[in-house]
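All remarks here apply to the structure that follows.
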Amino acid sequence: MKQQKLKHCSFLLYNLYMENKIQQQNDYNALQLSLPIDLGVKIDEDDMVVFFLKALEGVNLSKYFKKGKCRERKGYDRCKLLKAALFAYMLCDNDLRSMESLCRYDIRFMYIMGEERPSFMTFERLLKDF
């Protein structure tokens, strides 16, 4: 009985210690390493990507895709992928691997894709089904 009380007391002390420790670390955020904060702020209003997206704003891109079988999982937004591919073609960069790299490292492509990072195979499937 005494041993049980001792275990219970040590458990309570440990919980109190951890609560205080967690409260002291309130400046920690699990998403601190997420970059960039707001892509719209980082891109100038006179950048090519802004004009490109305004030009495609009224176009219904979904009507240009083939109705195909679904792979039973949620994939990337095909309209965003097509916009990224068209913007890459506009910049005279039509290599699939460079499109993947642009979506990872170029802030304009991050803005188009909503910070998603498709692989080169995703772009290949998109262009094959287009």
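Assorted remarks:
- Within region 99-128, residues that are of a type in the set (Val, Ile, Thr) reach partners that are open to solvent by 60 Å² or more (accessible area, probe 1.4 Å) and assigned to a loop (DSSP other than H, G, I, E, B) with beta carbons closer than 9 Å, at six or more positions or on different chains, in the pairs Thr122/Tyr76.
- Selected residue (only one of Lys63, Lys7 is under 18 Å from Asp129 (Cα atoms), open to solvent by 80 Å² or more (accessible area, probe 1.4 Å), at pLDDT below 85 and not in a loop (DSSP other than H, G, I, E, B)): Lys63
- Filtered residue count, region 73-130, keeping only those that are acidic (Asp, Glu) and assigned to a helix (DSSP H, G or I): 3
- Applying the criterion of being small (Gly, Ala, Ser) and more than 15 Å from Arg125 (Cα to Cα) to the residues of region 80-111, the residue that is nearest to the chain's Cα centre (by Cα) is Ser101.
- Number of the exception - Ile112 against (1) open to solvent by 80 Å² or more (accessible area, probe 1.4 Å); (2) in contact with a Lys or Arg (Cβ under 7 Å, 6 or more places away or on another chain): (1)
The values are calculated or read from the model by the stated rules, or taken from the named source; none is laboratory data. Not measured: the values here are computed from a predicted model. Using ideal geometry, Cβ is built from the backbone for each residue, glycine included, and neighbour counts are taken over all protein chains shown. To get the accessible areas, we keep the full protein, side chains included, count just its heavy atoms, and leave off ligands, DNA and RNA. Shrake-Rupley method; radii C 1.70, N 1.55, O 1.52, S 1.80 Å.
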